[in-house]
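The values are calculated or read from the model by the stated rules, or taken from the named source; none is laboratory data. Just so it is clear, the model here is predicted, and its values are computed rather than measured. Neighbour counts run over all protein chains shown; Cβ positions are idealised from the backbone, glycine included.
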Amino acid sequence: MIVITLAVILATGAAFADHPGGFGIGVQFGGSGGWGGHWGGGGALTLKFPGIPVFWAVDFAIGPSYMWMNLAGDYYLIDNQLVKTLHWYLGVGGYVGFSLNNQLGLDAGARLPVGLSWQPLDLLEIYLQIVPSLGLGILPVLGLGGGWGGNLGIRLWF
């Protein structure tokens, strides 16, 4: 039953997908927090390549005593028009995170982005999304992770 429901959602989402099909590049800013209450924020580079139905985000930070990098990819199951230039979307995705700060850290997990996308011009998209996630910390210790994230972004389409 779950497989059939997922197949219907995937087919319906693809039929109504409405983001441009070209190359998209942008930046997003936001924050995220773990289920245990640790919160942080920053920015990311976003990319969408023609012919690949995945929206990518890469963010990293380097400081005097730390370094981290995250890669996330999301596939929009639903991308429907609310009004002429405003859409809402629901996606599924994954992430991998790497950190170095006294010890090596590695985590990975699943994401569920839900957002609003406003495209006042063919070239310009502005979006706001919330992204709950569930993950697994692999290093330095094995354990469950994840939390909530949110982003405000701008993307240019070519």
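Looking only at region 41-68, which residues are among the charged types (D, E, K, R) and either in contact (Cβ under 8 Å) with a residue 40 or more places away in the chain or not in a strand (DSSP E or B) (or both)?
Matches in region 41-68: LYS48 only.
If TRP157 satisfies every condition in (1) aromatic (Phe, Trp, Tyr); (2) in contact with a Pro (Cβ under 9 Å, 6 or more places away or on another chain); (3) more than 16 Å from LEU45 (Cβ to Cβ) but one, which is the exception?
If we test TRP157 against (1) aromatic (Phe, Trp, Tyr); (2) in contact with a Pro (Cβ under 9 Å, 6 or more places away or on another chain); (3) more than 16 Å from LEU45 (Cβ to Cβ), just (3) comes out false.
Could you run through region 50-67 and say how many residues are small (Gly, Ala, Ser) and buried (at least 17 other Cβ atoms within 10 Å of the Cβ)?
So the count comes out to 1.
Out of curiosity, is LEU116 out of contact with any Lys or Arg (no Cβ under 6 Å at 6 or more places or on another chain), modelled with pLDDT of 95 or more and loosely packed, with under 13 Cβ neighbours inside 10 Å?
Working: out of contact with any Lys or Arg (no Cβ under 6 Å at 6 or more places or on another chain): yes; modelled with pLDDT of 95 or more: yes; loosely packed, with under 13 Cβ neighbours inside 10 Å: no.
Criteria not met by LEU116.
Can VAL92 be described as over 29 Å from SER65 (Cβ atoms) and surrounded by 14 or more Cβ atoms within 10 Å (Cβ to Cβ)? Even if it seems obvious, please write down each step before you answer.
Numbers: over 29 Å from SER65 (Cβ atoms): yes; surrounded by 14 or more Cβ atoms within 10 Å (Cβ to Cβ): yes.
Judged against the criteria, VAL92 is a match.
Report, by residue number, each residue of region 110-158 that is without any contact (Cβ under 8 Å) to a residue 40 or more places away in the chain and charged (D, E, K, R).
Result: ARG111, single match.
Would you mind finding the one in GLY22, GLY93 that is in contact with a Phe, Trp or Tyr (Cβ under 7 Å, 6 or more places away or on another chain) and in a loop (DSSP other than H, G, I, E, B)?
Testing whether each residue is in contact with a Phe, Trp or Tyr (Cβ under 7 Å, 6 or more places away or on another chain) and in a loop (DSSP other than H, G, I, E, B) leaves just GLY22.
Would you point out which residue out of PHE98, PHE60 is in contact with an Asp or Glu (Cβ under 9 Å, 6 or more places away or on another chain) and at pLDDT below 95?
When all the criteria are applied, what remains is PHE98.
Can we say VAL141 is out of contact with any Gly (no Cβ under 6 Å at 6 or more places or on another chain) and of a type in the set (A, V, I, L, M)?
Against the criterion (out of contact with any Gly (no Cβ under 6 Å at 6 or more places or on another chain) and of a type in the set (A, V, I, L, M)), VAL141 qualifies.
For the subset of region 32-49 comprising residues that are under 30 Å from LEU121 (Cβ atoms), surrounded by 13 or more Cβ atoms within 10 Å (Cβ to Cβ) and not β-branched (Val, Ile, Thr), which member is modelled with the lowest pLDDT?
Selected residue: SER32.
Given the criteria exposed (fewer than 14 other Cβ atoms within 10 Å of the Cβ) and touching a helix residue (DSSP H, G or I) at 6+ places or on another chain (Cβ under 9 Å), does GLN81 qualify?
Criteria met by GLN81.
Output the residues belonging to region 69-88 that are touching a residue at least 60 places away in the same chain (Cβ under 8 Å) and of a type outside the set (A, V, I, L, M, F, W, C).
Across region 69-88, the qualifying residues are TYR76, ASP79, ASN80, GLN81, HIS87.
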